[in-house]
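Comments concern the structure below.
The values are calculated or read from the model by the stated rules, or taken from the named source; none is laboratory data. Just so it is clear, the structure is predicted and the values come from calculations on it, not from any experiment. Here the Cβ is made from the backbone with ideal geometry for all residues, glycine too, and neighbour counts use every protein chain on show.
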Amino acid sequence: MKTTSLKEWTYEEFMSLPEGGPVRYEILDGGLCMTPSPNTRHQEISWNLSGFFWSFLKTRPVGRSFSAPYDVVFSKDPPQVVEPDLVFVSKDRLSIITEQNIQGIPDLLVEILSEGTEIMDRRKKHSLYERFGVPEYWIVDPKLNMIQVFRLIDGHYAAALEFGIEDRLETPLLPGLSILLSEIFPA
């Protein structure tokens, strides 16, 4: 992930950037971050994970989920705008969903690592999500076929729970959702 830091960006400037194309934009701590579009494996994992959420939420309407590209605006001043790979917002918090984006704190954010985003996802976004109080944050590692789950406890993320390819991932945010990781990671 490349960050341009020649100037601090405002939310309005961020919103004036072109939509779509091969570059994704985020604004973290005033710096504009640009990421190339993800590779095939990343997209397959995203599709598979999104499918589990879609199927679950179709039968149990306890909230809504969204896949990238979709902005999550934590703050407009200073601007903090991220574009996670997957977002879940519970039924109790649906008011943060607007026509354009999410404006507030989702219940769950998922980032799928790639070479260009790993450091940002593991450090800067981890810290940002913790600071803003995102209840649960998943880091999906395509190289290791593993998902790390961070849950907020007393304002801080506890040590990661690690789930490997033979494990089944469940979360208290979505009782009844059970994801067999071998169905997430393509062979």
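Do we find a residue being assigned to a strand (DSSP E or B), buried (at least 19 other Cβ atoms within 10 Å of the Cβ) and either at pLDDT 95 or above or aliphatic (A, V, I, L, M) (or both) anywhere in the stretch 8-31?
Yes, because at least one residue in the stretch 8-31 is assigned to a strand (DSSP E or B), buried (at least 19 other Cβ atoms within 10 Å of the Cβ) and either at pLDDT 95 or above or aliphatic (A, V, I, L, M) (or both).
Could you tell me whether the stretch 52-70 includes any residue that is assigned to a loop (DSSP other than H, G, I, E, B), aliphatic (A, V, I, L, M) and touching a Leu at 6+ places or on another chain (Cβ under 9 Å)?
Yes: one or more hits.
Those residues that are farther than 23 Å from GLY116 by Cβ, in a loop (DSSP other than H, G, I, E, B) and charged (D, E, K, R), I need them from the stretch 131-183; list them, please.
Within the stretch 131-183, ASP154, GLU166, ASP167, GLU170 meet the criteria.
Do we find that SER90 is touching a residue at least 12 places away in the same chain (Cβ under 8 Å), crowded, with 17+ Cβ neighbours inside 10 Å and closer than 14 Å to LEU174 by Cα in this structure?
No, not satisfied.
Inspect all residues belonging to the stretch 129-150 and state whether any of them is touching a Leu at 6+ places or on another chain (Cβ under 8 Å), in contact (Cβ under 8 Å) with a residue 60 or more places away in the chain and not charged (D, E, K, R).
yes
I'd like to check something: does the stretch 154-163 contain any residue that is of a type in the set (A, V, I, L, M), free of Cβ contacts under 8 Å to residues at least 12 places away in the same chain and surrounded by fewer than 18 Cβ atoms within 10 Å (Cβ to Cβ)? It would help to see each step written out before you state the result.
Our first condition is that a residue be of a type in the set (A, V, I, L, M); within the stretch 154-163, this holds for 158-161.
Filter once more, so that each one left must be free of Cβ contacts under 8 Å to residues at least 12 places away in the same chain: 158-159.
From the residues that got through so far, the ones that are surrounded by fewer than 18 Cβ atoms within 10 Å (Cβ to Cβ) too are 158-159.
Yes, because at least one residue in the stretch 154-163 is of a type in the set (A, V, I, L, M), free of Cβ contacts under 8 Å to residues at least 12 places away in the same chain and surrounded by fewer than 18 Cβ atoms within 10 Å (Cβ to Cβ).
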